[in-house]
Amino acid sequence: MEEWLPVVGYEGIYEVSNQGQVRSLPHRQRPYTKILIPQVTKDGRLYVRFKQKGNVKMFYIHRLILQAFVGPCPENQEGMHLNDDHLDNRWPENLAWGTHRTN
């Protein structure tokens, strides 16, 4: 079953799911929820761009999911795709924090 949690730092604006999706919540100009279409980096990782007060920032989807469902990234660790498929952003099946060496 898909579960949604707020994106850390963008509560009330964006949410992420444990199945790897990101959505924008309803607001004044758009009174409905919208699933964001991710982009792919050259190394094959999915990311989205958030707009807030005229600023646009890029975020890796796997990191957003880990921050929401697990908590902040521990020092000297990074987001890992356990099956090495960077397009598979399911949690907990495929995402975890880990050291660069383990990754």
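Here is how the numbers come out for the structure above:
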{"read-out": "Highest-fluctuation residue, V70, V22, V56 considered, GNM on the chain with Cα pairs under 10 Å", "value": "V56"}
{"read-out": "Trypsin sites (Lys or Arg not before Pro), loop per DSSP, at most 10 other Cβ atoms within 10 Å - longest free stretch of the chain", "value": "54-100"}
{"read-out": "Candidates I13, I65, I37: whichever shows maximal mean-square fluctuation once the chain is modelled as a Gaussian network with Cα springs under 10 Å", "value": "I37"}
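No lab work stands behind these numbers, since they all come straight from the coordinates. Note that this is a predicted model, so its numbers are computed, not measured. Neighbour counts are summed over all protein chains in view; Cβ atoms, including those assigned to glycine, are modelled from backbone coordinates with ideal geometry.
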